[in-house]
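Asker: Before I ask anything, here is the structure I am working with.
Please treat every number below as a calculation from the coordinates, not as lab data. Owing to the predicted nature of the structure, the values given are computational and were not obtained by experimental measurement. We place every Cβ from the backbone using ideal geometry, glycine too, and count neighbours over all the protein chains shown.
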């Protein structure tokens, strides 16, 4: 597919410990002119799996200026069935062509019996799920010949069958497969609200030594009433607004434990003009700078 | 025996089914309507993707009808791969068989046209043939040669004025569509797909070239199909659309 397409001339071997944003085509010109304080970009892998055209041409230009994180949303690492071999091949091909600074995917499933459901669906944290997820990560890491990062989900429900906490599950996956972890701080905040857990305690239990990247994004309150007796409205991981203040606080708490890490602002719906997104990046850069000051 | 994920999947796509067992609110309470968050995400995100991909179909049936009908479509034809930017290849066939829209006979062809535009946008790049090569050839050599076409080229053959219908709905100031059938050639000169109506026999000629016929044989095929076939007109469309890729000389007679 991409074999004939000119490869990028420069490759970054790792994401810088600075601020990145999720790339949107409407920001291409702004980013190429003056991206500061943004040092790196994240792209959704599935948007760059065509044979060519503008998406890949833009990606090649961007990758010569920025370290790129390829973020997959469709591999269905938690799926009960085998990984989709065609999709795995497409992802490996993209990684081989681009040689990105990082590749990440989600602790979730999205494909079952040949149907792709376009959402990150939840998993029970059991020994069975653990062994399946590890097998799939082994398979991916073998295919791309590098370690990946696995992201914690935003949760709306729990499974009676779960026998492990999410933090314990993620730590075990990292230990068994050698993958790194992508900690989405907004997802922690959402899950804590939705499932009645303590977000700070989650961060305190998180295996921070495996963190390769942090995510921040905006969330919304669910418009519909969740059945009584729910104490608070559900929060939805919409990525359609500014990062909420309590999530910035949770980030500061995270950085206290982890130290500076590559930090991404995600804004995928109702995408704003560049100055608004840059404003979020500036705030993220300030949070990182604070975490660099020795206590 | 159905697995947890097949139960989950079936219940996601059918709101009439009960929520799967074994789910809760994280506090030891019932799951309530939490499962509906996933139901809404799946259905609304796929409908949103189809809105982006099929704006002319949406305009023709109205945004409210579009969302309702796409909710039926996506349950019958969920995506088979995670590349949402090209999800909808099954939509024209679905619309052909969807009785409540049978009075809009052209709708499936408008959907085919929009899907072809998306495929063209994402198709592999290719180098365009220098048209001077064609001009410099002796006519007999030209007729004996074959031409490979750009991967971004698409051909939509329709008994409806499909380009006119598309343009009338999508472009300001476009005239009312005529009555004559239109075959549409989609090319991608740079990054944006371009459309042109192929004159009589034009689509037959392009299809013959794509099928590996020599230029001469394709010309004869097109002329048999349409006596008023205009070779230079269709070559003009293909050349300006960078749709001719490589010339393969014929065997010397």
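Asker: With everything on Cα atoms, drop me the angle between helix B:63-76 and the longest principal axis of chain B, reported from 0 to 90° to the nearest 10.
Answerer: Approximately 80 degrees, to the nearest 10.
Asker: Quick one: which of B:69-75, B:95-101 comes out on top by average Cβ neighbours within 10 Å, and what's the full order, highest first? All intermediate terms of the calculation are to be shown ahead of the outcome.
Answerer: Details: B:69-75: 19.3, B:95-101: 14.1.
Order by mean packing, descending: B:69-75, B:95-101.
Asker: Just rank B:133, A:211, A:190, B:215, fewest to most, by other beta-carbon atoms within 10 angstrom.
Answerer: On the way: B:133 13, A:211 20, A:190 26, B:215 23.
Fewest to most other Cβ atoms nearby, the residues stand as B:133, A:211, B:215, A:190.
Asker: Just report the Cα centroid separation between segment B:153-185 and segment A:117-134, whole Å.
Answerer: 47 Å
Asker: Summing -39500 (n - 2.57) over the DSSP H runs of n ≥ 4 in the protein assembly as shown and dividing by its residue number, what mean residue ellipticity at 222 nm do you reach, to the nearest 500 deg cm²/dmol? Don't jump to the answer; show the numbers that get you there.
Answerer: Working: 21 runs with 234 residues, N = 548.
Calculated mean residue ellipticity at 222 nm is -13000 deg cm²/dmol.
Asker: Okay, moving on. Could you state the orientation-averaged shadow area of the convex hull built on the Cα atoms of the protein assembly as shown, in nm² to one decimal? It would help to have the intermediate numbers written out before the result.
Answerer: Details: hull surface 116.5 nm².
With every direction weighted equally, the projected area is 29.1 nm².
Asker: Find the percent of Cα-Cα distances in chain B that exceed 33 Å, and round it to a whole number.
Answerer: Working: 11558 of 31878 pairs.
Here the long-distance tail beyond 33 Å is 36 percent of all Cα pairs in chain B.
Asker: Among A:164, A:49, B:83, what is the fewest-to-most ranking by other Cβ atoms within 10 Å? Spell out each step's value before the answer.
Answerer: Working: A:164 16, A:49 23, B:83 19.
So the residues, fewest neighbours to most, are A:164, B:83, A:49.
Asker: Then there's this: Please report, to one decimal in angstroms, the Kirkwood hydrodynamic radius of chain A built from all distinct Cα-Cα pairs.
Answerer: 19.6 Å
Asker: Pairs of alpha-carbon atoms within less than 8 angstrom and 6+ residues apart define the contacts here; what relative contact order does segment B:1-58 have, in percent?
Answerer: Relative contact order for segment B:1-58 comes out at 24 percent.
Asker: Based on DSSP, what percent of beta bridges with both residues in the protein assembly as shown are antiparallel, to the nearest 5? If you can, show how the numbers build up before the last one.
Answerer: Numbers: 21 of 50 bridges.
Percent antiparallel among DSSP bridges in the protein assembly as shown is about 40.
Asker: Could you list B:188, B:146 in order of exposure, starting from the residue whose Cβ has the fewest other Cβ atoms within 10 Å? Display every interim value, and only then the final one.
Answerer: Values: B:188 26, B:146 17.
Ranked by crowding around the Cβ, least crowded first: B:146, B:188.
Asker: While we're here: Quick one: Cα centre-to-centre distance for segment A:43-79 and segment A:267-289, in angstrom?
Answerer: 21 Å
Asker: Which whole number of Å³ per residue matches the convex hull of the alpha-carbon atoms in segment B:15-121?
Answerer: Values: hull volume 12.8 nm³, N = 107.
Roughly 120 Å³ of hull volume per residue.
Asker: Can I ask one more? Based on the mean of other beta carbon atoms within 10 Å per residue, what is the order of A:78-91, A:171-184, most packed first? Provide the component values of the computation, followed by the final result.
Answerer: Details: A:78-91: 17.7, A:171-184: 20.6.
The most tightly packed comes first, giving A:171-184, A:78-91.
Asker: Something else about it: Please give the average number of partner chain Cβ atoms lying within 10 Å of the Cβ of each residue in B:18-27, rounded to a whole number.
Answerer: Values: counts 0, 1, 2, 1, 6, 8, 6, 12, 13, 7.
For this peptide, the per-residue mean of nearby foreign Cβ atoms is 6.
Asker: Let me ask something else. Average partner chain C-beta neighbours within 10 Å, per residue of B:83-96? Numbers along the way, then the final one.
Answerer: Values: counts 10, 7, 6, 2, 2, 0, 0, 0, 0, 0, 0, 0, 0, 0.
That average works out to 2.
Asker: Roughly how tilted is helix B:215-225, in degrees to the nearest 10 and between 0 and 90, from the longest Cα axis of chain B?
Answerer: That helix lies at roughly 70 degrees to the long axis.
Asker: Would you mind pulling out the separation of the Cα centroids of segment B:1-51 and segment B:188-219, in Å?
Answerer: Cα centres, segment B:1-51 to segment B:188-219: 47 Å.
Asker: Compute the relative contact order of chain A as a whole-number percentage, counting only Cα pairs closer than 8 Å that sit 6 or more residues apart in sequence.
Answerer: Working: 540 pairs, mean separation 53.3, N = 295.
Contact order relative to length: 18 percent.
Asker: Now a separate question. Under a point spin-label approximation (7 Å from Cα along Cα-to-Cβ), what is the residue A:286-residue B:190 distance to one decimal in nm?
Answerer: 4.0 nm
Asker: Another question, then. Kindly express, to the nearest 10 degrees and within the range 0 to 90, the angle between helix B:34-53's C-alpha long axis and the longest C-alpha principal axis of chain B.
Answerer: Tilt relative to chain B: about 20 degrees.
Asker: Residues of A:116-126, mean number of Cβ from any other protein chain within 10 Å of their own Cβ, rounded to a whole number?
Answerer: Working: counts 10, 14, 14, 11, 2, 7, 4, 2, 3, 0, 0.
The per-residue average across the peptide is 6.
Asker: Compute the relative contact order of segment B:112-248 as a whole-number percentage, counting only Cα pairs closer than 8 Å that sit 6 or more residues apart in sequence.
Answerer: Details: 238 pairs, mean separation 44.4, N = 137.
Dividing the mean separation by the residue count of segment B:112-248 yields 32 percent.
Asker: Could you tell me what percent of the DSSP beta bridges with both partners in chain A are antiparallel, to the nearest 5?
Answerer: Details: 5 of 34 bridges.
Beta bridges within chain A, antiparallel portion: roughly 15 percent.
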